[in-house]
1. Taking the conditions exactly as written (in contact with a Lys or Arg (Cβ under 7 Å, 6 or more places away or on another chain), polar (S, T, N, Q) and not in a strand (DSSP E or B)), does S135 satisfy them or not?
2. Which number in (1) under 30 Å from G153 (Cα atoms); (2) in contact with a helix residue (DSSP H, G or I) (Cβ under 9 Å, 6 or more places away or on another chain) marks the one condition that G413 misses?
3. May I ask you to say which residue of K375, K343 is under 30 Å from V238 (Cβ atoms) and surrounded by fewer than 19 Cβ atoms within 10 Å (Cβ to Cβ)?
4. For the range 20-70, enumerate the residues that are over 24 Å from the mean Cα position of the chain (by Cα), in a helix (DSSP H, G or I) and more than 22 Å from V333 (Cβ to Cβ).
5. From the list T356, T331, T352, pick out the single residue that is in a helix (DSSP H, G or I), out of contact with any Ser or Thr (no Cβ under 8 Å at 6 or more places or on another chain) and of a type in the set (S, T, Y).
6. Criterion first (surrounded by fewer than 16 Cβ atoms within 10 Å (Cβ to Cβ), among the acidic types (D, E) and farther than 30 Å from E175 by Cα) does E362 satisfy it?
7. Regarding G127, is this residue in contact (Cβ under 8 Å) with a residue 24 or more places away in the chain, over 26 Å from A410 (Cα atoms) and surrounded by 21 or more Cβ atoms within 10 Å (Cβ to Cβ)?
8. For the range 273-282, what are the residues that are under 21 Å from M305 (Cβ atoms), crowded, with 21+ Cβ neighbours inside 10 Å and not aromatic (F, W, Y)?
Amino acid sequence: MKRATLLSLWILCANIAFAQKDKDKVIQSLDAQASEFTKVAKQIWENPELGYLEEKSSALLKGELEKAGFKIVSGVAGIPTAFTATYGTGKPVIGILGEFDALPGMSQEAVPVKQPRVEGAPGQACGHHLFGTGSVAAAIGVKEWLVNNKKPGTIRFYGTPAEEGGSGKVYMVREGLFNDVDAIVSWHAGDANSCNPSTNLATISGKFRFKGVASHAAAAPERGRSALDGVEAMNDMVNMMREHTTEGSRIHYSITKGGDAPNIVPANAEVYYVIRHQNREEVRAMWNRVIKCAEGAAIGTETEMEFEIIGGTYDRLPSESLSKIMHANLTKVGGVNYSADDKAFAEKLQKTLPGTPPAIAEAGKVQPMENEDGKASADTGDVSWNVPLVAMRAATWVPGTPAHSWQAVASGGTPIGYKGMMVAAKTMALTAIDLMSNPKMLEEAKKEFNDRRGDNFKYEALLGNRKPALDYRK
């Protein structure tokens, strides 16, 4: 073998060894700060706030990043609780997403039996207290690496409110806040550790409001026109429409206002709809059909109807090249190690789950990477069509726990949730460092991104030009 070749191999091996040692230091640093990040996540868990109302949660995360030397820009995209936090200069620019909104009516103590903390209050049933805090931890870990190694590059944290139906990221995309970003690194709470080049469903959501005429329901019913009849007639027609939709369609609704008293013909009623499909053009088509159902219901009940689009999100554009990088880092970090107390909690909680849940030991494993067609939705979809994005899941919940459940709230308020959060934080930090250190990784990701998007792609938000629905949870 020639001397030049041997020298090149030696340099390559030395660089790999140095990179691994560098990553070990980042992991050690984040482990040393884990108790502090746990305190932050616990504060958000104890004070859950709904979409666009997350004043305390947003301020807390901003404060942590500001202390770490990040430059904060608050109230971006016309959203008071949205923000960016940036450290470093120049290229590449790597973004990290962080959510923090809770879900209505999901209050729960950190115990393995159903026990609301405050009846009817919000709760972190999708683990966003962990999502936001874990992402902050990752951003700080990357910042420390930039400083210690005197590296060029920019790490930017995006504080993204109202993921649960409010489409916060869509407004941030529409505002051009991701235009200079080379790649986005993200994650979500879950019941297993995985990183897959997955897709999900596109959505449009909105509220249909019917206005009728109030009257005494017994003494003068003929003088009234029931807004609730309008809602129910609309729902009947939409339910009949389900038989004539394409495979994979999802239609959900909740009557959010049905009247005030049974002896008064309801003058006002409202129903909240969500439409989903893997093809966003099919979502548009279904939404237009739902509007026709509402219009027909108004005609038939002699009521008036108006509707408001609340949110709209794209399906997620997968990145196999970025997923391979992140999966390798997740494998290096490993899964969640349960203590004896964690295991006892998990065993009790699993008794409340339907069917036969996975073995508790699965939380300590990393699942093989595979293509996945997800059935949920998220506003990360819009981000993924504008910049290459990779995301993972960490076992913050007891295996078998579904999202949007009291069991998810309970798990997320225990060491199980906080340990999973740190698995995600370390994995994201290492992935961002890889992308900052290896331009070829970003080139490959960008090429795949452009190939998947196609030459003629033009971004148009599914929620149109409306302003952020800041009052949708009020």
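The values are calculated or read from the model by the stated rules, or taken from the named source; none is laboratory data. This one's a predicted model, so the numbers in the text were calculated from it and none came from an experiment. Note: ideal-geometry Cβ built from the backbone for every residue, glycine included; neighbour counts use all protein chains shown.
1. Here the answer is no, as S135 does not meet what is asked.
2. The number of the failed condition is (1).
3. Just a single option satisfies the conditions, and that option is K375.
4. K67
5. Within the list T356, T331, T352, the selection yields T331.
6. Working: surrounded by fewer than 16 Cβ atoms within 10 Å (Cβ to Cβ): no; among the acidic types (D, E): yes; farther than 30 Å from E175 by Cα: yes.
Considered against the rule, which asks whether it is surrounded by fewer than 16 Cβ atoms within 10 Å (Cβ to Cβ), among the acidic types (D, E) and farther than 30 Å from E175 by Cα, E362 comes out as no.
7. In short, no.
8. I275
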